[in-house]
Amino acid sequence: MLFSVSSRYGAHRLRMARTVFGRPLHDVSAYEIEGLLVDTGCPSTAGALVGWAREHGVAQVVLTHHHEDHVGGASALRHQLGLPVLAPALALPRLARGASIPLYRRLVWGRPRAVAATALPEVLEHCGRRYRIHHTPGHAFDHVCLFDEERKWLLSGDLFVHERALFLRRIEDFDLHLESLRRMHALGPELLLCAHAGFVEDGAAALGRKIAFWAALGEEVRARGREGWSPREIRDRVLGREGLLTYVSFGDFSKLNLVRACLRSGTGEAVPASGDGVS
Ligand SMILES: [Zn+2]
């Protein structure tokens, strides 16, 4: 198990992952600011998180979306420490019943336990700070970001992740995700607190680079599509071969999904439904 803590500007970044032969599998970060914990890592690190939260006086918990690498410690924090858990209203039914997830995700992160959460308000006040809640769908239908308008900090969950992300889940909505990125970029965040990239300074510039990269990629993919290339030809010749993640996830994360999402972009064609309801 990986559980490491770093801090900057008074915020703690908690990096968590299950490990295999000492190597972390796909780590994810939660953040703690003045007793507010945003996201809770994966189920397999819940015990360590509870211990840390007890020592550091965590007072309330917010979840950015329902994915298991963000909600994994929420049930333990609620039941062992009695902490209130707030989450996007759209996530509450799934959190209450505990999502069933594909085998590979259970192996990587563990199965999340059910948790009764309360809907986030439009503005969350904590320790004299105000965090505006922005609905930012695309990566997941219920995804939200928290924005501290005074300090211009954006707790961005899985909105950013990587400037040049090439792998997409089958059911992610490319158009919605780009639109969410543009809205958050327009806020001019100075610091991103990202669940995968960590503290990202000059957040607006980083978001701008991601938007430009994806927008240009979308244009190129659609141009090749109009020339009659198949999605697999576009993937092989524009994005290159799939990576380990694609095989481990049985194709749930892939470059081909990104190509297909780009080709659907602007057509109004629906994103495929998912067996486990994850969007
Ligand atoms: Zn996610």
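With a cut-off of 8 Å between alpha carbons and a minimum separation of six or more residues, what is the relative contact order of the chain in percent?
It comes to 14 percent, rounded to a whole number.
Rounded to the nearest 0.05, what FRET efficiency do LEU25 and ALA59 have when you use their Cβ-Cβ distance and R0 = 25 Å? Kindly include the intermediate steps, with their values, before the conclusion.
Numbers: r = 30 Å, r/R0 = 1.21.
It comes to 0.25.
Could you give me the ³J(HN,Hα) list for segment 13-20, computed from phi with Karplus coefficients 6.51, -1.76, 1.60 and θ = phi - 60°, whole Hz, x at Gly and Pro?
Residue by residue, segment 13-20 yields 9, 10, 8, 9, 6, 7, 10, 10 Hz.
Below 8 Å, C-alpha to C-alpha, sequence gap of six or more: please give me the relative contact order for segment 1-121 in percent. Kindly include the intermediate steps, with their values, before the conclusion.
Working: 273 pairs, mean separation 25.5, N = 121.
Averaging sequence separation for qualifying contacts and normalising by length gives 21 percent for segment 1-121.
Please identify which residues in segment 133-159 have an amide N closer than 14 Å to a label point set 7 Å out from the Cα of GLU190, following the Cα→Cβ vector.
148-154
Return the Rg/Rh value of segment 40-183, two decimal places, where both radii are evaluated on C-alpha atoms and Rh is the Kirkwood radius.
So for segment 40-183, dividing Rg by the Kirkwood Rh gives 0.96.
Using the Kirkwood radius over Cα pairs, work out the Stokes-Einstein diffusion coefficient for segment 45-99 at 4 °C and 1.567 mPa s, in µm²/s as a whole number.
114
In nm, give the distance between the simple-model label positions of GLU34 and ASP202, each being 7 Å from the Cα along the Cα-to-Cβ direction.
It is 2.8 nm.
With r as the distance between the Cβ atoms of ALA223 and HIS162 and R0 = 30 Å, compute the FRET efficiency 1/(1 + (r/R0)^6) and round to 0.05. Don't skip to the end; give the middle numbers.
Working: r = 24 Å, r/R0 = 0.79.
Result of the calculation: an efficiency of 0.80.
Taking amide H positions as placed in the peptide plane 1.01 Å from N, state which residues far from LEU83 in sequence (5 or more) or on other chains have amide H under 5 Å from it.
Amide H neighbours of LEU83: ARG78.
How about segment 132-196: which chymotrypsin sites (Phe, Trp or Tyr not before Pro) there lie in a loop by DSSP and see at most 14 other Cβ atoms within 10 Å?
Those that pass, being in a loop and sparsely packed, number zero.
Which whole-number percentage describes the relative contact order of segment 129-212, with Cα contacts under 8 Å and a sequence gap of 6 or more?
29
Against the globular-protein guess of 2.2 N^0.38 Å, express the Cα radius of gyration of segment 150-279 as a ratio, rounded to two decimals.
The value comes to 1.09.
Kindly rank 249-261, 12-24 from highest to lowest mean number of other beta carbons found within 10 Å of each residue.
Ranking the peptides 249-261, 12-24 by packing returns 249-261, 12-24.
Sort LEU244, LEU192, LEU25 so the one with the fewest other Cβ atoms within 10 Å of its own Cβ comes first.
Values: LEU244 8, LEU192 24, LEU25 15.
With the sparsest Cβ surroundings first, the list reads LEU244, LEU25, LEU192.
Any chance you could list the semi-axes, whole Å, largest first, of the equivalent ellipsoid that the Cα gyration tensor gives for the chain, using √(5λ)?
So the three semi-axes of the chain are 31, 21, 17 Å.
Could you tell me which residue out of LEU181, TRP214, VAL200 lies farthest along the dipole of segment 174-251 toward its positive end? Charges go on the beta carbon: Lys and Arg +1, Asp and Glu -1, centred on the Cα centre.
After comparing all options, I get TRP214.
A short reminder: the numbers here are calculations on the coordinates, not readings from a lab. Everything numeric here is computed off the predicted structure, so don't read it as measured data. FYI the Cβ positions are ideal-geometry reconstructions off the backbone, even for glycines, and counts take in every protein chain you see.
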